[in-house]
1. State whether the residues of the stretch 265-282 include one that is in a strand (DSSP E or B) and within 15 Å of Phe376 (Cβ to Cβ).
2. Residues to consider are Glu339, Glu313; find the one that is modelled with pLDDT of 95 or more, in contact with a strand residue (DSSP E or B) (Cβ under 9 Å, 6 or more places away or on another chain), closer than 21 Å to Leu247 by Cβ and of a type outside the set (A, V, I, L, M, F, W, C).
3. Can you confirm whether Ile232 is more than 20 Å from Ala64 (Cα to Cα) and either more than 18 Å from the chain's Cα centre (by Cα) or acidic (Asp, Glu) (or both)?
4. From (1) surrounded by fewer than 14 Cβ atoms within 10 Å (Cβ to Cβ); (2) within 21 Å of the chain's Cα centre (by Cα); (3) not small (Gly, Ala, Ser), pick out the condition that doesn't hold for His114.
5. State all residues of the stretch 154-169 that are surrounded by fewer than 16 Cβ atoms within 10 Å (Cβ to Cβ) and touching a Ser or Thr at 6+ places or on another chain (Cβ under 9 Å); if no residue qualifies, say none.
6. Just checking, which of Thr111, Thr135, Thr139 is within 24 Å of Leu79 (Cβ to Cβ) and touching a residue at least 60 places away in the same chain (Cβ under 8 Å)?
7. Exactly one condition in (1) closer than 25 Å to Pro205 by Cα; (2) acidic (Asp, Glu); (3) surrounded by fewer than 14 Cβ atoms within 10 Å (Cβ to Cβ) is false for Glu398; which is it?
8. Which residue pairs have Cβ atoms under 9 Å apart, sit 6 or more places apart or on different chains, and have a first residue in the stretch 264-281 that is touching a residue at least 24 places away in the same chain (Cβ under 8 Å) and a second that is part of a helix (DSSP H, G or I) and of a type in the set (Val, Ile, Thr)?
Amino acid sequence: MVYLDDAYVQIAPEEYKSYQENVRNAHEYLHSGQMDMSGWVEQPQKINESYLKNILAAAENIRAQSTVLVVLGIGGSYLGPRAFLEWMEDEFQHTDKSPKIYFAGWNLSGTYHHELINKIMDEEISVCVISKSGTTMETAEAFLLLKEILIKKYGKDYSKRIYAITDPVSGALRKEAKEKGYVTFDLESDIGGRYSFLTAVGLLPACVAGYDIQKIVLGAQKAYQACMPQEIEQNAAYRYGVGRRILNERGKVIEVFCAYEPKMQHFLEWLKQLFGESEGKENKGIFPTSLVFSRDLHSMGQFLQEGTPLFFETVLSVTTPQKDVSYDGAINTFNEQNELVRKGVLQAHSKGKTPVFTLTAGKMCEETFGYWTYFFEKACAMSCLLLGVDPFNQPGVEVYKAEVKKILTAK
């Protein structure tokens, strides 16, 4: 379901082959079950009918009792569900649906949360809180705020409107959920937030919004099979992961994720977290950033063509966008023009000596989203292992959290 075009990165076959033994070793290690936080690797195969039925039942209950669902989370717990809904929803009609889905707990802006409260105050509200520990500051603060609103609106029945996705055994949120009787879903202790979309983290909001989560899972299962071969030539995810390492060795330290479809904007944001948090360690790694074309060609096109050559591009493309439009007398539809621009920019950037990967899928649908999610998780993990860093920890994040805690405690 994903075609990798690496003709414009100028990597010779023997360069790829030089990594084959390391790829084979990394693959076996990744699938050995010995790595901490690697539970996502087998997740597409673990999802069963019982698991999906529980999500469907909760989604039906939320739709029956609510006109608004507020999803609380940060990092992958926010970016994954947000990316999926942007990918699928009609940009100008999604707020007409019921229940409407809003996101909170991904920032500490008083303005944002004040405006959210004003928006939902007269609605029937349910809350989905996603936190493994229950103590992540942004999410915990938003949960306290929303919980207060629920208690004022519904009294002792407020707990029937809270759905918690959290650690299966421990943590503040698990303890509270057990005491208060919240509906809960396990976020397995060996799956980190940025690798969690193919759990209730992503599947519950998607199901509440009315999308077919079985198709998401099917896409992920197809990607699982496609990403199993250990041979680089047979595995596009590994080939892309190796290609990133080769370009990094050539001095490319920035990866620009690009899309010509605005509906992919938050998917690009998810990719930035996936690669940035997984790879940026020990003073190593490629800095991920993102652009949406053709908009950003009018702001960053000059730099991409002639700026400091520290970067390469990874372009995400689909052959069949969800919709198209034209006008009387037009030579091309909008999507046809968009594709022509993509081809022209590829040629121009190639002339400017910028390496460009292009990853192309068929349709923008649930199945493709599930496929790409697992595909990029696997590519990222391989790229990190070849770099010699642990893809699944984030010690740098813990440093800033500790400093913030000191300041808050001092107050």
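The values are calculated or read from the model by the stated rules, or taken from the named source; none is laboratory data. Because the structure is predicted, anything quoted here is derived from the model rather than measured. Please note: Cβ atoms are built from the backbone with ideal geometry, for glycine as well, and neighbour counts cover all protein chains shown.
1. The answer is no, given that none of the residues of the stretch 265-282 is in a strand (DSSP E or B) and within 15 Å of Phe376 (Cβ to Cβ).
2. Glu313
3. Yes: the conditions hold for Ile232.
4. (2)
5. The answer is Pro168, Val169.
6. Exactly one of Thr111, Thr135, Thr139 is within 24 Å of Leu79 (Cβ to Cβ) and touching a residue at least 60 places away in the same chain (Cβ under 8 Å), namely Thr139.
7. (1)
8. These pairs meet every condition: Phe267/Thr373; Trp270/Thr373; Glu277/Val397.
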